[in-house]
Structures are given as structure tokens and as C-alpha cells.
1. Just grab the label-to-label distance for B:Val780 and B:Glu624, each label 7 Å out from Cα along the Cβ direction, in nm (one decimal).
2. Express in Å², to the nearest 10, the accessible area of A:Asp279 obtained by rolling a 1.4 Å probe over the protein heavy atoms while all chains stay in place.
3. Full-extension gain between B:Lys367 and B:Thr233, please, as 0.36 nm times their residue separation minus the C-alpha to C-alpha distance.
4. If I model chain B as equal point scatterers sitting on the Cα atoms and use the Debye formula, what is log10 I(q)/I(0) at q = 0.05 Å⁻¹?
5. Using θ = phi - 60° and the Karplus form 6.51 cos²θ - 1.76 cosθ + 1.60, what ³J(HN,Hα) does each residue of the range B:30-47 get, whole Hz, x for Gly and Pro?
6. Please list, by residue number, everything in the range A:44-72 whose backbone N is under 15 Å from a paramagnetic label point 7 Å out along Cα→Cβ of A:Val227.
7. Please compute the modelled spin-label separation between B:Asp728 and B:Gln15, points set 7 Å along Cα→Cβ, answer in nm with one decimal.
8. Counting Lys +1, Arg +1, Asp -1, Glu -1, what net charge surrounds B:Gly586 among other residues with beta carbon under 13 Å of its beta carbon?
Amino acid sequence: MTTPSLDDLAALGREFRAGGTDLMSRTVPSREYADLSGTPELTGIEWSADGSARIGALTTVAEIAEDALIRAAYPALAGTAAGLATPQVRAAGTVGGNLLQRNRCAYFRNPAFSCHQDGGDSCPARAGTMLNPTVIESGPCLAPHPSSLAMALIGYDATAEVRGRGAVPVRDLYGDDPGADHLLAPGEILVGVGLPVPVPGERAAYHRAIGRAEAEWPLVEATARVVVEGDRITLAAVAVGGVARTPLRLPEVEAALLAGEPLDRAAALAADRCSPSPDAAYKVALLTGTVLEVLERCLDD
Amino acid sequence: MKITVNSVPTVVDTQEHDAAVDVLREELGLTGAKPACRTGVCGACTIMVDGTPKVSCLLPPEALEEREVTTAEGLDHPVQRAFAAHDGLQCGYCTPGFVVEAAAFVDRWRAEHGDVTPPRETIAAAMAGHLCRCGAYQGIYAAIGAACRGEHDDGHAAGGRVEAMEKISGLARYSTDIRLPGQLEGVIIRSAAAHALVGDVRAPEGTRLVDLLPADRTVRYAGQPVAAVAAATRREALALAAAVQVDYTERPAALDDRPGAPPVYDERSRKQAASSAEGFALPGGWDGNVRRTSAFGARRGRTAKARLEAAHRAGDPGLVTGTYTTAVQVHTPLEPHACVAHWDERGDLRLHLSTQTVGMAAEAAAKRWNLDLGRVHIIADHVGGGFGAKAGLTVEAIAATELARLHAAPVRVALSRGEELTDAGSRPGTSTRVALLVDEAGDLAALDLDTRGRGGVAIGSAVALLARLMYGTAPRRLRDFDVVTNEPPGTAFRGPGGAPLHWALEQAVDEAAHRRGEDPIALRRRWDGNRKRHALYDWAAGLPVWRDRPATGSQTGRFRRGVGVAAANWFYFLVPGTEVELEVQGDVVVARTTTQDIGTGVRTVIAGILREELDLPAERIRVEIGRTGTVPGPPSIGSRTTASVGPATRDAARRLRREGLADGRKVVGRRHRDRRGYVTPFAVAGMAVGRGFSGSVHVTEVEVDTRFGTVRPLRVWGGISAGRIYADGPARSQCEGGIVQGIGYALYEERRIDPVTGVVLTANLEDYRIPGIGDTPEMVLHFHQEGWEHVNGQGVGIGEISTIGVAASVGNAVYNATGWRPHDLPIRPDRVLEGIHR
């Protein structure tokens, strides 16, 4: 078996396949993809002398969840990886694939509909029925961003290494473009992600608000990273998903925490930027509840 | 491409296939891995790749190149014996996937923790990528726990159902797994419009097209079958289907139940409306899209109405009213509807069919294709679940048979999960308005129920009517209405009518008890004349969880615990003409009848009776069911299989014992009449309604998380009075599965349709949410076995009674926990948050 080079794969002009957990479920039956699996440039976790990690795009979600060094250095990332999807999907799905997957809107995924996401000019969900839409206004598409790992990485101000472009902030992979779930140009390849130097004493938590016990896309999800010195919070990073077209940091909540506000008051600030449709108003309560949940868990132990 | 599969190095051609699972199944004949969802959600296609469990539907064939692959067929692991011994399966379709994953988990757990039982949540997290629609999760927990303790390291599996190892090892062949020489793949072309007159159907030159339209050439829901085509591979068949152009003249569609919605039927076409009831719909009159089905008790109904109106005017505190709604629940058995049809060299029709009704399907096929019944051969050795959706001659069988004739070759038609979730069976949604009046003595003085059933284009809602059978003889008005829409047809689903009735009635009764300040079990015991259920009330009232339940609405913390009770009532049906044939073949006694095991365990019931009556070891008994060509037997619908087959088996065994087990001897046993006969003087469509009603009482404990609006069922006690239990293990599993499905109905399951186009949105198993292992409460069953002495065999069916009351027990538990009573199913987080914070 010879592995094609990244140049060859990019030249195919097709959608890339990493672990296939999104692409294969979306496009069955089809072989119209460029398979990245096995390309050596995209694999492995490397540690720098300063203690920071660089994670290859083809590293599986399960490897992130189970790697002892990652768990110690970046607990919010490892915890998020452990909490998403199912064991088989974590074993197959990759970091790169998770960041660049398409959204899970039932209208987008149903071939009977056309929408902004597949070249159309409208959103059928707006006249239709959607239990899990965005609640933070971000353009004409209502599909929440699906990537839990992107949320966790944004919580670390991580960078994405894009082939031919170098490092860009992970948050810049995303925007409110209703026609795309990420902003990489066709043919661009995410090679890996870079994390900052770990923070000693970091406490972290991840929570996924779902109806059933396991195996669901989140209604709302959040991670928090907190450092406590004495009785003061000296570092706070709160990121949320499931509520907008992109994963988001909540600087207003972080500022309140650093200013010594009680957790519930700080968490409640997450509601201020929401403008939900009546059917989705419950997600605002879930958002503040989820933020409070991760903050409480950070400070519990 | 080179791979090593189950330790055998092999070279396979992957050209024709898009996913690894298809290479294993189609090239290597390893059909243990089932592509049941093709989205990586259900886990039925799980295999090990270099020791790691992976869903093979999401792997391209190349992912197996130069790898060590282990499928269920190649596994040799103690957890397989544990699954058999602890009955961690019913229909078995999901089982190979579960077992492969469980094997990897058990090894990892024992290496890290030693031979100890893992916490329940740890097992749930490890198995989160698997779904079992039968709900055999309690057995799966037990099996994995036992394997982790090292209890099955040697020896063989004791106990369990007779075909357990066949299913566990992936060798059991279901209809989806059949591949005959020269077999083609058929696909169904479905309507893109919710309501349209179909004009031309244009296919590429030379295409052999089967027309599936009704006589009036009108499609009445999006997803309705229009035509079918076949080709050598599924990929080619799909491409061919995509090339067929269908002209639609669209008509306005009724996609809601408002008055003034466009008509679904005119006076002539109403007659073709399918029925969502088991068998037939009661006659009724139409008003636009609303069809009044039945009204019970005109005179007593007027009395009830008068009493309720007077109570309303007087502001009587004994008047309890409310409207309770249910969502559409989809059967979605893990094995989709599937048929391989083949016209053999003699012109006989051979159907490998995933069916609950081998006999009825053969009769319908003989009639449709004008054949002698003896020339229709149905094979359904294993059936991957049904729950009511696989009765009679279903559309995939019609399509496959017609295609097989056109192509003069065997044709397989297996529905995709999207088709299965769109147009292969669903329990109609309902809205029930209840009014009941309790008089000063605390007795039921009047009852009024109006149910509007929404089964799409199907009619036959019979919900309110069933309230005639509970809580004494107080005057009552019970009316059922169908509201037809341009949505896919509802179908009978495990306890049709019973599930929505009890959701409404059992909460209204609970409300009446709370208003009076009376124990809800005590009030039911007073109102309910069913003596067998009295025994269940006494058992339930004595449960510590009931005695120690919190005062309703007394809790203020984030997590609130509550306990709820609900009773239920169901029919005793049977097929009086059932026979069982026994043949001695050397050392072995072979039993045959025209029935099928869809996961209920009827094979095990038959084998158990033979063992008992003939004093034979298991290896000397073989049960051959799932085929035509033998004596008549029951369909697996309406809780009638065991009550019909059991006594006939015993009769046959006793005849054989009298005549002696000589090689070649054949006897036929009959299902002798019950003492006092039946309610129905003669069998209708082969079925009789027996005397007496089965009963259940479910006590459910939940925890409500008020921060997230989630309801977690913690423990459920299920009391069932259905007389003698024929086979304890499968009976328990079926009743546990009934609880699991009831929890799905209560908390998660909801088919959603786009209100503009009528397209089903919940067309995959991520968006249509069935309970997983982590949603499964701990369950305790109690069988009250007395009270059926008049019945031949002294036991009746349990399939339906075990599920229909569960949702109301959850609703009543949520009320007990929070003081807020849910009225709408499913009890979603948004509804809980709105309810408790209002």
C-alpha cells in the first residue's frame, strides 16, 4: 500500500476524508473523497521543550481522551474528547475531522431539502420545525456548530496549522458564513493543532446537556478552565457550543469570575447575548445551567 | 486487497463496495455484522480491527487492508456464553455487534481492575454506541457483569434461549442476510410530494419497472412508494432509481389537523384508507378529514355527559379534566423490512421475508398472485424484531416479488433506515380530552374521553373505546376520531390504542387520587373490579419504594426524586386453530408449526414444554419454525403466540408420549378449547378473544434534574398478571423490553415531520431517539400467575400488557417529584423546564 502525498490528495479536488464518521454517514454511497488516513504528516502527538503539545490532525478522539499526558496538561480538551459521541466513533473520528465536520441539521442532511449549506438560498428550518437551533443570532443558518473539540480548543486559545498557511487561531477557522461550517478553502488541509504551554493547577470541566444518558449531539455544551489562588479565581476560560454557528468563548462570564462574582451571577451573563426563537427559549436556560454546571464542577474539588 | 479475517488471510475484491461492512457481507459471506443504520449510531455492524471495535459501516474497505479483522463469527470469548446464559438478547439482530464490543470491554476491564463487576455506568458508557430495539439491556448488563467476574471462562452456556449461540456467533441468517445465486438488489422509488396525482413515470430505455401506485394514481404522503427497480448491485439500483423521472401534479396537502385543511380523500378514495388498528377499522362517518370511528354507549354516554356538565357548572371539586397528547412513535426494528423473492423452476414463489406473520403473509401472497397456498413458501428463520410493523404482505415483499418475476431472478429489497423511519410503521399520535367525576363517596361517577388519533393517511384509531374495560361500570362516553393528514400511515404498534389510552387515563386517575388526598394505589384498588389486578395492587402497595415515596411537590432541590404508579388492562387473544406437529427423526424430536420467533422466545417455549413432557435433553429437541409447509400456527401479533402454541405443543407431546418415540413417528397436537369457551363465538380472521383480561401495575422511580430538565428513570417494578409463565427467562426479557420501550415513548421518541413539505425529518437513529443501555432503569418483575385456571395452559400473552402502562407511571412519577404534571409526550427537557418553572 502506497500512501499518496498530500499534494496528490489536494489535487483530487474532492472533499477530504479523515476518520469518516461524518463524511461516510452523509454521503453513502459514494467514493468521491480524498482519503487522508495514513498520511504521516498528520499523525502523532509531539511535545515541545516548553511543555506544549502539537496534535496531528489524524490523532483520534479516543487517543486524546486516553492519553495521560494530554489529560494532565489539557484536562478540558481530554474531558471533552471523552464526553463526545460513542466509543467506536471516538476510536475512528479524528481531531481534524471533528474540527471540520459538517453540521447535524436534519434539513441539511436530508436530500429532500436544499439550504444555504448546500448551495441554496434559504433555510427550510425557519418555516419548519427544529428543536435544537442556534439561540445566538449569527446569520441566516440555524444549525449549531457541531464540533465539541473546537469549543475545547478555543478555550485554550489553540492554533490550527493549515498547510501552506502556517498557524492560525482555531477560532478563525469559523465564521457566520451560512454556506459553510468552516472557512478553509477547498484543497486546504488542516495538519494539526497547537496548544499553549500548560497552566499549572488548572481545574477543568466539560458538560454536555443531552436528553438521554449517552450518545447524543448536545443541546448545549460547555467547558471551563479555572485556576484558583487562595480564594480568588486568577484564570477563567469558558467556552460553549450548541448555541451559535460557531463555538464561542464567553469573555463576559470570564471577566465576572475574575472580578469575584458568584458563580451563578457569572453564569447568568451567558444569557445576555441570546435572542432565541420561542421554541428554543429553553436553550437559554440550558446555556446558563451548563455554564454554571462546569464552573461548579471546577470549583468543587 | 489483502486482509486477515478471523485469523484467515484472504484476498478480496472491494471495487463494488463503499463500506467495509459490505465487503465482509457480500464478498466473504460474513453476515454477522449488520448495517442497520449506516450512520455509526446503532453499532450492529461493529467489528474488531486490530483489536479495536469499530463500526464497519463508516469504514471504507481500504481501512481493512493488511489488518487483522475479527467479526462475531470468529470471536471465541467468555462474554458470548455470558450473553446466552443471561439472555442478553431477544431478536438477536444487534447482538453480534454488542458481543464484539463487549468482548473488548471485558478484556480491558479485567486487565485493569481484575475479576470484579464494573459499575453500571461504566458498562453503559462502554456500550453507548449500541442500540437494542427489543430492550434486552437488563440481560446485557448482567451478561457483561458476569463475564467480567470470570464466571463464563470455561464450560458452556447454561440456560438462555435455544437459538442464543446461533445469534451470538453471528451465524443466524435474517432476511437481510440472504444471498441467492444471481440475486439482484431492488429499491423502491418514493414520492417526493405529500399529495399529488402522478402522471408519467419515465425510466431509461429497457428498465423493468414495478408500479406500486394505488388505483387512483394519487400519492398521499411524501415517501409513499411509487415504483421499484432492480439491478445487480444496490449502488446500481440506486443510480437507476435516481434516473427515473416521476411527474407530479401537486395538490394541496393537509399537514396539520386544523379544520379547513385540504381534503386527503374524496368520497370514493376513502375506502382505500389503510387501517392503523390490528386487523380492521371499525366503521365510521366522515366530516372532511375527520372520521368518527366509534362511540360507546349512547344512553349511558348521555348520563355521563349530563353529570359532568352539572359538575362543571357547580364547580364540583371532584371533576378532573385534562388533555393528554402523545407523539408518533416509530417501530424501527433493528432489522429493517426485507424480502428476498424468488420464483423457482416449478413456478412456486419463495419468499425470505422478515415477518411477524408467516402464515398470513403466505395467504396474502397466494391471493395476490393467484397461486395455490402450497406454492407459496415463506422462510423467516430469524426475524430482527417487528413490534407490529411486519404483519401481512408488506410493500418490500410486493416489490421484490414483482421484480423477481420481471427479471426472472431472485431479488432482494431491504429498506434503508431512512425508509424504515419514514414509511414502515408508526404508532399514531393522539390527543385525548379526559373528564372524570368523583362523587362524594369517592367513587367514579362519570367518565368522558374523546381521542383524536393522527395516523396520517391511515384510519382506525381506537383509544378511548378501550376505557370501557377498566374501573367498573360508571356511566361513560368514549369517542374516537381519526384526523387524516397527508403523512405516512400509522400501523398497529405493540398494544395499539392501549399506550395512548393509559397515558391519559392513568394520569387522570392519579390526579383524582391526589385531589382526594388518597393513596393512588388504594383508589385504583377501590375502583378496579379486576381481581387479578387487586393482587398486583397489594404487591405494589407493599414495595418499600412506594411506602417511602416523597410527598408530592415537597422537594425544592435541584434533583427531585419521585415515584409513580400506573395500571393497565389488555386483551387475551388466541388462535384456536393452532396445531403443532412433532416428528421423531432418529434420536431427535422435531417440532413444527406456522409461527415465527421475532425475539419473543417462542422457540424456547416450545422446546421447554417438550423437555418437560418428554423428559428429553435439549440436544434431542429441534424446533423448526419460521416456515410455511406445516400445520397452522399463530402470527406474532396481539400477544397471542404463546397462549396458542403452548397448549398445542403440550397436547402434541402427550400424544407422542402415548404413542412412543419411534423413529419416523409423526403426531399433531391441537390447541384445545378453554373452559367456558371464548368471548367471540367463532374465530374472526383465525383469531378469538378469550375470556379475562391481562393486567399490569408499574411502579416507577425517577430523578428529575431541574437544572437541565431531564428525567432519569432509576428503577421500575413491573407487576404482570397474565397467568402461568411458560419460559421465565424470555418472559422477563420481554417485560423488561416493554418497560424500555415505554420509557422511550415517555421520554424520547418523537417522529417529526416538516410542516411545509411533509417530509419526515427524524429519518436516522440520531434524530429518532430510542432508549440506549444508559437510559435503562434497574427493573424488578413480579408475575402474578393465578386467575387463569379456565385457560388451556393457564397463561396468556405478555407482549403488550408489559408496555402500555409504563409511560403513565413515568408521568405520575414526574408529578410526584416536581408537582408539575406532564401532559404531552415525550417529556422533553424543554417541556420539563417550562413546566416546573412556570
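1. Going by the 7 Å Cα→Cβ label model, 4.6 nm.
2. 110 Å²
3. That works out to 45.2 nm of additional length.
4. Calculated log10 I(q)/I(0) at the listed q: -0.26.
5. Each residue's phi maps through the Karplus curve to give 8, 9, x, 6, 10, x, 7, 10, 6, 10, x, 9, 8, x, 5, 9, 5, 10 Hz.
6. What the label zone holds, given the 15 Å backbone N cut-off, is A:51-52.
7. The modelled label-to-label distance comes out at 5.8 nm.
8. Surrounding charge for B:Gly586 is -1.
The values are calculated or read from the model by the stated rules, or taken from the named source; none is laboratory data. Just so we're clear, the structure is a prediction, and the values are computed from it rather than from any experiment. Here Cβ is always computed from backbone atoms with ideal geometry, including for glycine, and neighbour counts include all displayed protein chains. Surface areas here come from the heavy atoms of the whole protein model, side chains and all, with no ligands, DNA or RNA. Shrake-Rupley method; radii C 1.70, N 1.55, O 1.52, S 1.80 Å.
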